[in-house]
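Quick notes on the structure that follows.
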Amino acid sequence: MIRKPFAVRAVLAAAAAALLLPLAAQAQNIAVVNGKTVPKARLDMLVQQAQRAGQQVTPELQAQAKDQVVLREIFAQEAERKGIPANADYKAQMELARQSIMIRELFEDFKKKNPVSDQEAKAEYDKFKAQASGTEYRARHILVEKEDEAKDLIAKIKGGAKFEDLAKEKSKDPGSGQNGGDLDFAKPDNYVPEFSKAMTSLKKGEMTETPVKSQFGFHIIRLEDTREAQFPDFEQVKPQIQQRIAQVKLQKYQDDLRKAAKTDYKFTAQ
C-alpha cells in the first residue's frame, strides 16, 4: 500500500471540511429569498410565541409558521425596496413595537424570578376555604308580585298541590321557576337578608307559613336540605390559585415601578 504524504492528507481534509461548511450553514437557514437567507431562528421565535399563547406545537403549526416566516421576508424586502423604513409613521410604530417587546420581556423575566411557591398557594387556598366554610342550604321558592297571590298559593300547597308544579306555572323567577323553584345549594349570604332569615329558620322539609317580602316581590320558601359547604381539593384548584397570586405579584411590581418613577404626569387611576 502506498501512503499519501501527510501534507497531501491535510489538504484533502481541509477541502472536505470546506465542502461541508455550506451544508452546516444551510442547516441554520430555512430558505433563500432573492439571494438573502432566512434564518431558522425566526421560525423558532414564531413557534415559541405560539406556545406562549397556549397553542400546541404540531407538524401543521410548524409548516404554517415556516410559510409565514418566508412570506414575511418576501413582503419585508418589498417594503424596504419602496423605502418604507424611512417613513415617519413607520418609525413611530417601530418605537411602540420596541417598547411593547421590552415590556413583555421585562414582565416575563419578573415572573421567572418570582415564581409562586406551593406554600404561598396553600396559604391562599386555606384562606379561601375558611371563608367558604359553613352551612349551605338547598331551597325552593315561588316568587310572585302580590301578597294575596302568595297566600293563595300557600293555601293550595297545603291543600295538596305540588310546590314544583306551581313554581313552574306561577313563579316570576325564570331561572328557578322552570326547575320547580329549585335554587340548588348556596350559602345564606347569597340571598337578600329577608330571604336568608326566613330560609335559615326552617327545618328540612318545612315551608314558610306566610309570604316573605323582599325587593323582588313575595316569596314562598321551602327548605329541601342542608350540608356543610363543599370546597375542591387543593390540587384541583392549585393552578388557578398560582395564576391569581402571580397576577397580584406582577401588579404590585408594576405599581412599585410607577410610584418610584420621577414624573410630573398625573395618572387618572391611582
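Bear in mind that the values in this text are calculations on the coordinates, not laboratory data. Note that this is a predicted model, so its numbers are computed, not measured. Glycine gets a Cβ as well: all are built from the backbone with ideal geometry, and neighbour counts include every protein chain shown.
A few points about this structure:
- Cα gyration tensor shape of segment 35-104, rounded if a/c is under 1.5, else prolate or oblate by comparing a/b with b/c: oblate
- Here the alpha carbons of segment 177-235 define both size measures, Rg and Dmax, at 13.0, 46 Å.
- Listed peptides 251-257, 121-127 by packing density, highest first (mean Cβ within 10 Å): 121-127, 251-257
- Charge dipole (debye, nearest 20) of the chain; +1 at Cβ of Lys and Arg, -1 at Cβ of Asp and Glu: 1540 debye
- Counting Cα-Cα pairs of segment 124-270 in 10 Å increments starting at 0 gives whole-percent bin shares of 10, 30, 19, 15, 14, 8, 3, 0.
- Residues of segment 140-155 with amide N under 20 Å of a point placed 7 Å along Cα→Cβ from residue 213: 142-155
- Reported to the nearest whole Å, the Cα centre-to-centre distance from segment 48-93 to segment 139-218 is 61.
- Span-rule helices in the chain, defined as complete DSSP H runs reaching 24 Å or more along the axis (Cα) with Kyte mean at least -1.0: 6-27, 59-81, 88-113
- Under 29 Å from the Cα of residue 197 - lysines, other chains or at least 8 residues apart: 127, 129, 146, 151, 156, 158, 162, 168, 170, 172, 187, 213
- Ignoring lysines fewer than eight residues from residue 266 along the same chain, the ones with Cα atoms less than 26 angstrom from its Cα are 249, 252.
- Highest average packing first - 139-145, 186-192, 208-214, Cβ atoms within 10 Å: 139-145, 208-214, 186-192
- Building the convex hull from the alpha-carbon atoms of the chain and averaging its projection over directions returns 32.6 nm².
- Seen from residue 205, the other residues with C-beta closer than 12 Å to its C-beta sum to a net charge of +2, counting Lys and Arg as +1 and Asp and Glu as -1.
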